[in-house]
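Contents: one structure, followed by commentary.
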Amino acid sequence: MLLYIFLMQYYLMEFDKLLLKRYVLDNSTRYNGIPNLESILGRIVIDNPELKKEIKELRKVLEKIISEVEEMKLEEQKEELEQLGGPIKKVHEEEKEMIPLLKVKHDFVVRFAPNPNGPLHLGNARQAVVNWLYRNIYKGTYILRYDDTDPKNKIPMKEAYKWILEDLEWLKIKPDKIYYSSKRLNIYYKYFRKLLELGKAYVCTCDREEFKKLREKSKPCPCRELSIRKQINRFEKMLNHNFKEGEAVGRIKTDLKDKNVSVRDWPALRIVDKPKHPLVKGKYVWPLLDFASAIDDHLMGVTHIIRGVDLQLSRNKQLYLYTYLRWKYPIIKLQGKFSVANAELSKTKMREGIENGIYTGYDDVRLPTIKSFRRRGYYPEALINMIKEIGPKIRDVTVSEEYIASFNRKLLDPLANRYFFVRDPVQIKVINPPKDTSVKLPLHPDYPDRGFRELKISSTFYISKEDFLNYRGKIVRLIGLYNIRLDRKAQFLGKQLLPYPKIQYVPEKGVDMKILLPDNTLARGLAEKDITKLKPKERIQLQRFGFVYLDVVRKDYIYGYYIHN
């Protein structure tokens with residue numbers, strides 16, 4: 001055994017010398033010079049399973065290396081990483097092939113265009129991650145474009161711009177370029193004016209219902225055939241706010257007999273009398289999504305668009321515009337609707353729920369936001385791997401909480417040490433127990449070399465109320481100790497290992513612990529003292545309860561978030 005320990009320590013030392021700093025630098029240079037210990041540790045264990053047994057020592061070594069790397073400038077980190085062999089390729093993790101995209105030749109540019117009316121949720125994350133994965137496969141460019149030109153119905157939030165960047169960074173995404181659609185209004189005006197001059201657009205002042213009736217009959221409205229000069233004059237009146245909201249709309253001319261009614265002379269610009277926008281003031285003419293995104297996709301050089309099937313008519317509309325301006329339309333990849341079972345993916349409804357006091361905020365544990373998954377202690381790799389597994393399928397996809405958890409569990413289970421926690425504790429006293437004053441239990445049953453934690457015991461214990469009610473009067477085994485007939489005054493029945501139900505316990509000197517559950521209720525109980533030696537942001541498994549992400553760790557109190565079972 002001593003020889004084994006010596007060999008493992010020697011192996012770890014050599015491994016450290018050759019690769020650990022490279023792992024740290026690889027992680028740090030990807031994320032603006034800031035290394036993340038948990039991410040690095042998880043990556044090393046995935047690539048080198050034999051080091052799971054040395055996780056404690058590995059953590060100590062990494063902490064020291066990280067402190068050294070944090071003192072280096074980003075350029076210095078990159079230079080040293082290259083000297084050590086460059087970024088590390090995955091070795092043990094099986095790569096799942098993404099569905100190939102058509103007509104990828106030279107330049108490859110994709111965009112992720114979220115509306116900053118809230119932070120990212122899991123549906124947004126799917127779009128963000130799929131585009132990022134393709135960007136990496138084809139060594140292309142990733143554009144983040146804030147789709148923030150609806151200051152009436154989907155009002156942008158000033159803080160959401162920052163939230164989205166934070167969420168993307170957590171998802172290991174670093175945009176190559178960032179644009180704000182709201183700061184490009186003059187560009188949209190320029191191209192609408194050009195379309196007017198070409199006779200391919202017009203300003204409509206018809207009553208909305210009257211226009212709708214004409215469109216359904218494939219008939220033009222009176223505004224359509226007005227002279228180009230009158231159209232431009234009308235557009236100037238729109239820009240000067242001489243027309244009020246609903247009095248004038250900028251439209252793109254299309255085939256009035258198009259089989260899709262919504263494509264017929266679709267609206268490109270509208271007036272908003274009282275726009276509520278955190279970045280733009282004094283503008284009253286705002287582009288609709290199909291017009292703004294069409295202009296931006298061309299000017300930004302987007303070659304491939306991955307969009308939901310609910311937006312497939314956008315191509316039909318935008319093709320008219322691209323034909324008029326003699327532009328080449330990007331390649332489209334459609335993917336089905338994405339939803340999470342029993343969860344809300346509407347930012348508008350989330351916002352209403354927060355304003356009405358239903359949710360505590362966008363990081364409420366009941367919401368499928370990236371903020372919530374971060375708060376609960378999920379690994380970003382879990383969500384990335386899940387999204388990669390699903391891919392950009394054309395069929396609709398609904399995922400369950402358990403399905404999402406399964407990807408996180410693969411990463412978490414080998415890393416999380418085990419501890420005892422009893423919910424709603426009930427005190428019991430064992431009559432005539434052995435004179436043992438302590439018991440040693442493994443930190444992880446699969447990796448005994450990781451070490452043990454020691455519980456100081458007496459004849460008094462706390463067990464969960466559920467176990468007390470289920471097994472009262474029956475024989476059970478206190479894990480790692482002995483057998484008892486369970487009651488308030490429990491009878492000692494020997495140490496022999498027999499097939500009795502096993503229950504966890506906390507010795508008389510436990511510590512108060514609260515755990516926020518996925519339904520936003522609290523589980524209260526007692527935990528073993530050894531947890532107070534840990535640090536916030538560590539992940540543990542409470543045996544027969546679930547995985548927990550620690551938030552507050554004090555000598556007399558512990559608070560954490562339930563991750564999953």
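Observations on the model:
- Distance in nm between pseudo-label sites at ASN153 and TYR403 (7 Å out along the Cβ direction from Cα): 2.9
- Between LEU279 and SER262, the contour length at 0.36 nm per residue exceeds the Cα-Cα span by 3.0 nm.
- Derived scalar couplings ³J(HN,Hα) [segment 362-368; Karplus, 6.51 cos²θ - 1.76 cosθ + 1.60; whole Hz; x for Gly, Pro]: 5, 9, 3, 5, 8, 9, x
- In the chain, helices alone account for a calculated mean residue ellipticity at 222 nm of -10500 deg cm²/dmol, with every DSSP H run of four or more residues adding -39,500 (n - 2.57).
- Around the amide H of HIS304, modelled in the peptide plane, lie the amide H atoms of VAL109, ILE331, all under 5 Å away and 5 or more residues distant in sequence or on another chain.
- GluC sites (Glu not before Pro) restricted to segment 16-83 and DSSP loop, no more than 15 other C-beta within 10 Å: GLU71
- Over 21 Å between alpha carbons, listed pairs LYS347/LYS371; LYS347/LYS537; LYS21/LYS73; LYS183/LYS333: LYS347/LYS537; LYS183/LYS333
- Loop-located trypsin sites (Lys or Arg not before Pro) in segment 217-250, at most 15 other Cβ atoms within 10 Å (DSSP): LYS217, LYS244
- Applying the criteria of a DSSP loop state and at most 14 other Cβ atoms within 10 Å to the trypsin sites (Lys or Arg not before Pro) of segment 408-457 yields LYS435.
- These residues, THR532, THR521, go from largest to smallest accessible area, 1.4 Å probe, as THR521, THR532.
- Rolling a 1.4 Å probe over the protein heavy atoms gives the chain an accessible area of 50 Å² per residue.
- The chain - percent of accessible surface contributed by carbon and sulfur, probe 1.4 Å: 50
- In segment 283-399, taking the dipole from charged Cβ atoms about the Cα centre, the farthest positive-side position among LEU321, SER339, ASN356 is held by LEU321.
- Anchor LYS529: aspartates and glutamates whose Cα lies under 20 Å away (excluding residues fewer than 8 positions away in-chain): ASP424, ASP436, GLU454, GLU508, ASP512, GLU538, ASP551, ASP556
- Straight-distance crosslink candidates among aspartates and glutamates, where the alpha carbon sits under 13 Å from LYS190 and sequence neighbours closer than 8 are dropped: GLU236, ASP296
The values are calculated or read from the model by the stated rules, or taken from the named source; none is laboratory data. Bear in mind the structure is a predicted one, so any value in this text is a computation, not a measurement. So basically every Cβ, Gly included, is an ideal-geometry build from the backbone, and we count neighbours across all protein chains shown. Remember, those area values only see protein heavy atoms, side chains included, never the ligands or the DNA or RNA. Shrake-Rupley method; radii C 1.70, N 1.55, O 1.52, S 1.80 Å.
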